[in-house]
1. Give me the distance in nm between label points sitting 7 Å out from Cα along the Cα-to-Cβ direction at Asp379 and Glu55, one decimal.
2. Points 7 angstrom from Cα along the Cβ direction at Asp126 and Asp254: gap in nanometres?
3. Beta carbons within 10 angstrom, averaged per residue: use that to sort the peptides 223-235, 80-92, 250-262, 327-339, highest first.
4. Near the amide H of Trp334, under 5 Å away, which other amide H atoms are found, from residues 5 or more places off or on another chain, if H is placed in the peptide plane?
5. Under 14 Å between C-alpha atoms is the cut-off here; go through segment 75-197 and count lysine pairs that meet it, provided they're at least eight residues apart or on different chains.
Amino acid sequence: MYREGRTLAPARAGASELAGGSQGLHTLKRGGRWLSDSPRPSRQRKPRRPKAGNEIRPSPLRPHVLAEDRILKWRTPAGWQYRTKIASVITQEGADAVFELVLAGLEPDTAKNYGAGLLRFTQFCDELGIQEEGRMPAPEYLLAAFLARHAGTVQHKTMGNWLSGLRIHHAVNGASWSGDMLVKYAKKGAKKLNPPSLPKRPPVTLEHMEALLNGLDLANTFDAAVFALASTAFWGCRRLGELLIPSRKAFRPDRHVARSAKVGYRSIPNGTRYAIFHIPWTKTTASEGADIILTGISGFLDPVTALRHHLNINSTVPGVAPLFAFEDGEDGAWRPMTRDVFLRRCNTIWSSTGMENLSGHCFRIGGATELLLRGIHPDVVSALGSWKSRAFLDYWRKIESIIPLFISQASDPSRLQLMRTSMDNFRRRHSLREQ
């Protein structure tokens, strides 16, 4: 059975039975330091062998690097001349600093998406036999032809990201950008030919949360961390990326909430309990971060109790660890909670009860919808999940079609109408037009 951590009762035996084995998972003695003294990983990731369909014609100008590194490390003849000229004036060190600063302004996922655009454009030029000098600066007709090549099969938003990647690649290579009117109209045409969207992601519902609670062993340190994280993501309407780390060596104190974060447990005069802690970064507020507020509810799904239990049962985890790290073993060792490990545990339980597998974003979708159905004011839900008013209205349109999944036969159908009325009032109050 999929299980990690250690069970405190009735036995205190450590267990590491992660599906597929536990090799490579990070373990650290109490009082030690995770990773290095630097907030960034101490070891560089290595690019994997290209997947089928991602091959390009070999060229010394385009070394095999990570997708997010292609913007700087994939060169062109024009780019070599440009960078050589810059280095002759401000030194090579100064030139490198300029380009690294440009890359630092991009989120890792954005740089990765841009790198995908460079790959697809390179494949396109390889197919047509375009010489290097004809690829940069890219003529406008070539950019428009690139869009035409993928129109109808690739989402227009994805193609827009690809073009943005090509544009910044031109910038760091000192090449002029020709994406003007022809490209503008080609993008409009591509939007008209947009392929069907993928099915909307189903939400995590109360039934999913109850299945988790019933399937987890909360006397086990790992399971306690899983339930606390699930409760925080669901009731706090948060993205998983704001609460845990993507991989075992990716912890950054400036991006990821640590165990040392101060968690406050408070109550208001009417007796309502809540927990609050700060995360250092969100997608919408960047380095300003956000306060996560979990309001207590009656019953076994109370997120305040879940968080407090996790912190108590995993009390020996050091402050430098991620917030949802958990003890593993009798000697004070601990492990970080990663996205894959967390979702695998959740989906194992859901699959065993006949439920389908879900993605991490489904917690945010489900939590927001459940709160709206409970009559929580849209402004409150919007603030809770760090949505801006327009973004929240757009989000509402995405989840409206999955709301019936929340309405069981025993529920009052009027909840749905009340929520729709509430969202209409929200739109008018913020002067937001339907799009």
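1. Computed distance between label sites Asp379 and Glu55 equals 6.0 nm.
2. Roughly 3.5 nm, to one decimal.
3. 223-235, 327-339, 250-262, 80-92
4. Leu28, Asp328
5. Count of close lysine pairs: 6.
No lab work stands behind these numbers, since they all come straight from the coordinates. Not measured: the values here are computed from a predicted model. Please note: Cβ atoms are built from the backbone with ideal geometry, for glycine as well, and neighbour counts cover all protein chains shown.
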